[in-house]
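Have a look at the structure below before the remarks.
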Amino acid sequence: MFIITKDLINSMGEKHTGCCFVSTMSDDKRALIARLRPACVHKFRLLDDDSIVYLYGLCNHFNDERAFQPLDFYMYDLGVTSIEYRVNGVWSKL
């Protein structure tokens, strides 16, 4: 699962902020995010092919294929082409 914490491409910066991708969305969105946020400890950012950052977020997976969920989710909607995770203070491309 992942949570978008900062949206840099929309004029108000709020279209995708707070969005999360989980298997169920039955709870109130803010309560759900508050409950899931402690599990999402890996910082990521999504970039386009010109290395422009579109979104920042937090994810609960880093060492398996689920680390690509944010990229897969926004690839066609926003045109992002890569995901980077913050590892030891440095942004690293997967």
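Each reported figure results from applying straightforward, stated rules to the coordinates on display, with no laboratory input. This is a predicted model, so every value here is computed, not measured. Reconstructed Cβ throughout: ideal geometry from the backbone, glycine too, with neighbour counts over all protein chains shown.
Identify the residue in the stretch 49-94 that is among the small types (G, A, S) and outside any helix (DSSP H, G or I) and, among all such residues, is nearest to P38 (Cα to Cα). First the steps, then the outcome.
Of the residues in the stretch 49-94, the ones among the small types (G, A, S) are 51, 57, 67, 79, 82, 89, 92.
Cutting the leftovers down to outside any helix (DSSP H, G or I) gives us 51, 57, 79, 82, 89, 92.
On the way: S51: 29, G57: 13, G79: 29, S82: 25, G89: 19, S92: 22 Å.
If we take residues in the stretch 49-94 being among the small types (G, A, S) and outside any helix (DSSP H, G or I), then G57 is nearest to P38 (Cα to Cα).
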Response to the item:
Within the stretch 41-94, the count of residues that are in contact with a strand residue (DSSP E or B) (Cβ under 6 Å, 6 or more places away or on another chain), hydrophobic (A, V, I, L, M, F, W, C) and farther than 17 Å from D7 by Cα comes to 3
